[in-house]
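Read through the structure below, which is laid out as structure tokens, and then see the notes.
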Amino acid sequence: MAFTMRSGLPSIRARLDRAGILLSGLCALHCIASIVVVSAIGIGGEWLLAPEIHRYGLVVALLIAAVAIGLGALRHRRMAPFVVAMMGLSFMGGALAVPHGAQEAILTIIGVSLVTLGHILNLRHTHGSLSGRA
């Protein structure tokens with residue numbers, strides 16, 4: 001049973017890394033679309049700029065990164081994915097402290113880009129450790 005669980009963990013972790021990458025991209029798209037739609041058309045501000053979306057997004061990003069990158073770090077013993085992702089999560093958290101607008105979007109986009117890079121590094125390092133190249 002331990003062998004089955006151990007062999008299933010890389011698959012779960014890799015799926016979470018891929019989900020983290022996808023969600024980071026969607027978050028960046030949301031930031032850009034919010035600014036464009038609200039600024040250009042003047043609609044959707046109540047929903048698109050709702051602080052709850054950003055807080056929930058940060059919680060989801062923290063959970064996915066903690067599990068995926070945490071499991072990856074245990075597997076490949078490299079700190080780079082963790083450090084890069086934590087810097088990104090810090091930028092995302094910092095974006096919650098500024099008013100809505102360009103400054104918030106810039107901080108969030110920097111954050112999600114770093115979180116995405118952390119997940120990509122995690123996938124690469126874990127793949128290398130599984131194939132013996134790490």
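Taking the highest mean first, how do the peptides 111-118, 17-24, 29-36, 70-77 order by number of other beta carbon atoms within 10 angstrom per residue?
Most protected by this proxy first, the peptides run 111-118, 17-24, 70-77, 29-36.
Would you kindly derive the ³J(HN,Hα) couplings of region 106-122 from the backbone phi angles with the Karplus curve 6.51 cos²θ - 1.76 cosθ + 1.60 (θ = phi - 60°), listing them in order in whole Hz, with x for Gly and Pro?
4, 4, 5, 5, 4, x, 5, 5, 5, 5, 4, 4, x, 5, 5, 4, 4
Each label point is 7 Å from the Cα along the Cα-to-Cβ direction; what then is the distance between the points at Arg77 and Leu96, in nm?
With each label placed 7 Å out from Cα toward Cβ, I get 3.5 nm.
To the nearest 10 square angstrom, what accessible area does Phe82 show with a 1.4 Å probe?
Its heavy atoms expose roughly 90 Å² to the probe.
Taking θ = phi - 60°, what integer Hz values does the Karplus form 6.51 cos²θ - 1.76 cosθ + 1.60 yield along region 69-76, in sequence order, with x for Gly and Pro?
6, x, 5, x, 4, 5, 7, 9
At 1.4 Å probe size, put Ile64, Ile69, Ile53, Ile41 in order of accessible surface, largest to smallest.
Ile41, Ile53, Ile64, Ile69
Taking 0.36 nm per residue of sequence separation and subtracting the Cα-Cα distance, how much length would be gained by fully extending the chain between Met87 and Ala33, in nm to one decimal?
Gain on extension, Met87 to Ala33, equals 17.0 nm.
The values are calculated or read from the model by the stated rules, or taken from the named source; none is laboratory data. Quick caveat, the model's predicted, so the values are computed rather than measured. Glycine gets a Cβ as well: all are built from the backbone with ideal geometry, and neighbour counts include every protein chain shown. Note: accessible area is taken over every heavy atom of the protein model, side chains too, but ligands, DNA and RNA are not part of it. Shrake-Rupley method; radii C 1.70, N 1.55, O 1.52, S 1.80 Å.
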